[in-house]
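The structure appears below as structure tokens.
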């Protein structure tokens, strides 16, 4: 069975860089690896922004609901294709959980927030990842035209995501690894060491 490893956490914490390094390490060891979500040429948040949806600060129910649905479809499509191609690993630098904190920060009715969070968690419970790697907010981030480079904002996102992960008992659903302070390279070493212990990579 293909194993799915997903990174999650605030923007600008090295998730994509670590994903690329990890893919290269596994391919170098002879594993068949699917790199990222099938059919997603850029990040889902960039897709949403290109369509005019508001992401991060000032987000709306429609914006977040679009991204949640897109993540769920991408998740299912990726698993289907990876199984068909008999891949060993799927490595993605995002998770459907990434949208949770932005729901809390959005200006929308509480029932809308709860509906989206329930949708995310129910999907995550039904379609478990084999390892979820949480990357804590760093002291410096690089923004882009779509995402904020406000460090205090990202640290607030970090707190909200951690709270939601704990509140929904994510560690009971999947193998959750926490990556705290450290460079991207130091974090990657920890991931590979753990994979070597668990799966003899």
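Just need the relative contact order of the chain here, percent rounded to a whole number, with Cα pairs under 8 Å and 6+ apart. Taking the mean separation of contacting Cα pairs over the length of the chain, I get 33 percent. Taking the convex hull of the alpha carbon positions in the stretch 66-141 and averaging its projected area over all directions gives 6.4 nm². Note on residue 127 and residue 172: the model spin-label points, each 7 Å out from Cα along the C-beta direction, lie 2.3 nm apart. Roughly how many Å is it from the Cα centre of the stretch 1-45 to that of the stretch 167-192, as a whole number? Centre-to-centre distance over Cα atoms comes out at 14 Å.
Whole-percent P(r), the stretch 10-112, all Cα pairs, 10 Å bins from 0: 14, 42, 29, 13, 2. Take the Cβ atoms of residue 77 and residue 54, set R0 to 22 Å, and the FRET efficiency comes out at 0.30. Note on the stretch 150-201: Kirkwood radius taken over Cα pairs, Stokes-Einstein applied at 20 °C and 1.002 mPa s, translational D equal to 166 µm² s⁻¹.
Angle of helix 151-167 to the longest C-alpha principal axis of the chain, folded into 0 to 90 degrees and rounded to 10: 70°. Just need log10 I(q)/I(0) for the chain at q = 0.13 Å⁻¹, Debye formula, equal scatterers on the alpha-carbon atoms, no solvent, rounded to two decimals. For the chain at q = 0.13 Å⁻¹, log10 I(q)/I(0) is -0.68. In the elastic network of the chain, a GNM with C-alpha springs shorter than 10 Å, the most mobile of 158, 98, 175 is 175.
Only the coordinates and a few stated rules stand behind these numbers; no lab work does. No experiment lies behind these values; they were computed from the predicted model shown. Positions of Cβ are generated from backbone atoms using ideal geometry, with glycine treated the same way; all protein chains shown enter the neighbour counts.
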